[in-house]
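Working notes for the structure below.
Laboratory data are not the source of any read-out in this text; all were calculated from the coordinates shown. Because the structure is a prediction, the values reported are computed rather than measured. Note that we place each Cβ from the backbone using ideal geometry, even for glycine, and neighbour counts take in every protein chain shown.
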């Protein structure tokens with residue numbers, strides 16, 4: 001892995017020099033810059049295959065952070081993968097991307113046009129900023145921010161970005177993502193054999209000549225990799241991290257697995273009181289104070305630090321296996337397992353990959369991820385869901401391959417434990433936060449006072465969108481504006497319509513600007529209206545992502561995802577597949593006051609309209625679910641809700657309303673007067 005940077009605008013060369021200093025940890029094998037018409041390009045080298053300095057020039061000029069595994073097949077006489085990439089770009093431009101087997105982020109300048117591109121999953125990072133005076137890009141967000149730029153954006157991996165130097169204009173082109181269709185129709189044995197062969201190749205092509213390190217938990221994924229290295233005669237050392245004297249499950253499993261495989265294991269045990277000094281480095285490094293990300297990051301950093309001290313230059317990780325083989329709880333609940341796998345892959349660049357990249361680079365390590373090999377991913381995504389999940393058992397196919405490879409049953413069948421929990425690091429952070437009387441997110445905010453991402457909230461005023469905003473706020477994301485769509489179609493496929501006008505008062509209570517879009521609510525065409533409104537919010541408030549309250553509706557989630565991709569925005573659905581009764585109870589536990597403003601469900605009656613929902617009401621909804629199949633959170637359209645008060649509100653809503661019933665279980669609340677009132 002290397003570092004790349006480019007500036008087009010005033011003082012470009014001096015800014016690139018500063019940026020290279022900031023990127024020095026990404027490449028200590030060399031640094032260079034090259035002035036180009038209108039700007040300057042720079043590169044820091046972390047050499048794995050030969051010391052070939054960049055920027056490279058041919059018909060065009062290239063700076064690249066890449067690991068291209070088929071580079072010798074692409075260009076027979078190239079010195080390394082970066083030179084091969086330049087040659088194929090010179091020959092066929094962006095059309096060459098489909099032929100690249102590996103991971104990359106690069107900038108290629110030719111004939112006054114700059115192309116920015118990443119590998120499809122986003123393993124290699126790339127950030128950019130575009131103003132009326134400057135276009136700039138770099139491998140890390142913090143570099144551009146330290147140069148004084150604001151509203152820095154991460155390039156969506158499914159996009160190509162084109163910058164025209166002379167006209168100072170930017171355009172984007174969408175790339176097709178991997179698909180889960182059509183499913184394979186071969187026998188299970190054929191599918192298993194083919195998957196095992198692809199996994200074998202994915203690992204083999206990533207093995208360097210240098211010493212191999214493996215980040216190890218004793219779980220299925222890392223144990224499969226350890227077994228492969230052992231059986232194929234590769235010298236490998238396993239690295240595990242945990243909290244000292246905490247009875248960490250991952251540490252215990254790692255020790256047992258290493259003994260069973262007869263592979264050397266090195267362990268880093270961290271005392272709880274030593275955590276703050278690590279957090280002061282790690283949280284700014286990953287540029288994020290999200291509790292889950294930080295918990296994983298600290299576990300990951302400790303193991304990587306141990307690998308670095310042990311002389312490793314390349315480390316392997318099992319990241320990606322959970323997404324392609326269906327290892328998470330949400331996969332169990334999905335109507336379409338493989339569609340859910342695809343959705344998870346879409347999120348990995350934001351959720352996991354940037355965090356792991358900046359940590360390994362800070363420790364001068366190259367990270368290899370065989371489970372994100374594109375050929376393997378494309379094949380496994382089409383494996384029928386019943387070969388991945390059965391009841392409570394996940395990752396069936398990979399577990400069977402592990403058994404065939406000789407992984408002991410204890411580890412082939414071990415259930416998933418998230419790294420931050422298996423290492424006891426999340427628990428330790430919680431203890432430290434409690435000492436100061438803080439939530440974990442509040443405690444972590446002191447290490448990174450900046451907000452994680454500026455968000456626009458798709459906001460209806462109901463429980464789901466408001467609670468989703470609250471969850472993101474508690475994870476230290478900045479709520480920048482609310483986005484409300486007013487549909488003239490009461491049967492809109494996408495948008496909540498009852499009491500939508502009250503979002504103006506709710507926005508006032510939250511102290512947030514409200515961006516309102518209008519639509520006639522015609523199916524699919526209303527998505528164009530939503531896209532126009534989100535674009536306006538992005539232009540006006542500089543938002544970097546969108547929050548949705550989606551629980552189970554793939555119709556809504558997938559369409560919003562496409563809009564966000566086209567606009568270069570991240571999408572967050574923090575409530576996705578949360579159990580409905582759990583969500584309702586959490587709302588009340590966190591002080592949400594909500595009314596039902598419309599009902600249309602067997603078992604509901606007029607008494608449910610316009611009253612504050614209580615815990616006893618949630619119990620009654622659960623009984624109706626068990627008896628009549630009613631959705632506890634109203635996901636089947638059984639009711640619409642309105643948030644009257646919550647921790648995000650400075651004032652509560654004060655309403656007068658009338659009930660209008662169509663029949664004994666269908667009716668709505670008509671608001672006759674609405675205002676804000678002080679909280680008691």
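A compact table of results
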read-out: Chain lengthening between residue 558 and residue 679 when straightened (0.36 nm per residue, less Cα-Cα); value: 39.7 nm
read-out: Relative contact order [Cα under 8 Å, 6+ residues apart], segment 128-252, whole percent; value: 13 percent
read-out: Relative exposure of 526, 150, 410, judged by other C-beta atoms within 10 Å (fewest first); value: 150, 410, 526
read-out: Cβ-derived FRET efficiency at R0 30 Å, residue 234 paired with residue 70, nearest 0.05; value: 0.90
read-out: Rounded to 5, percent antiparallel among DSSP beta bridges of the chain; value: 70 percent
read-out: Folded to 0 to 90 degrees: helix 188-204 orientation relative to the chain principal axis, Cα; value: 50 degrees
read-out: Sites residue 188 and residue 256 - FRET efficiency at Förster radius 25 Å, r taken between beta-carbons, to 0.05; value: 0.25
read-out: Relative exposure of 448, 278, judged by other C-beta atoms within 10 Å (fewest first); value: 278, 448
read-out: Between segment 528-569 and segment 13-82, the alpha-carbon center distance in angstrom; value: 35 Å
read-out: Tilt relative to the chain, helix 337-348 - C-alpha long axis, 0 to 90 degrees, to 10; value: 70 degrees
read-out: Pairwise label distance in nanometres, residue 131 with residue 94, each label 7 Å out on the Cα-Cβ vector; value: 2.6 nm
read-out: Sorted by Cβ neighbour density within 10 Å, fewest at the top, the residues 652, 523; value: 523, 652
read-out: Percent of beta bridges antiparallel (DSSP, segment 452-677, rounded to nearest 5); value: 55 percent
read-out: Simple label model, 7 Å out from Cα along Cβ direction - residue 516 to residue 390, nm; value: 5.6 nm
read-out: Relative contact order computed over the chain (Cα-Cα under 8 Å; 6+ residues apart), in percent; value: 10 percent
read-out: Spacing of the two label points (7 Å from each Cα toward its C-beta) at residue 211 and residue 170, in nm; value: 4.3 nm
read-out: Cα gyration tensor category, rounded, prolate or oblate, for segment 275-421 with a/c compared to 1.5; value: prolate
read-out: Expected 222 nm ellipticity per residue - DSSP helices of 4 or more, -39500 (n - 2.57), all of the chain, to 500; value: -11000 deg cm²/dmol
read-out: Förster radius 41 Å - calculated FRET efficiency between residue 431 and residue 606, Cβ distance, rounded to 0.05; value: 0.25
read-out: Gap separating the Cα centres of segment 411-481 and segment 622-660, nearest whole Å; value: 25 Å
read-out: Highest to lowest packing among 588-601, 256-269, scored as the average C-beta count within 10 Å; value: 588-601, 256-269
read-out: Rounded tilt (10° steps) of 291-309 against the dominant C-alpha axis of the chain; value: 10 degrees
read-out: Taking N as its residue count, the alpha carbon Rg of segment 3-69 over 2.2 N^0.38 Å; value: 1.07
read-out: Against the rule of thumb 2.2 N^0.38 Å, how large the Cα Rg of the chain comes out; value: 1.00
read-out: Segment 3-174, relative contact order [Cα under 8 Å, separation at least 6], %; value: 20 percent
read-out: Enclosed volume per residue, in Å³, of the convex hull spanned by Cα atoms of segment 3-174; value: 100 Å³
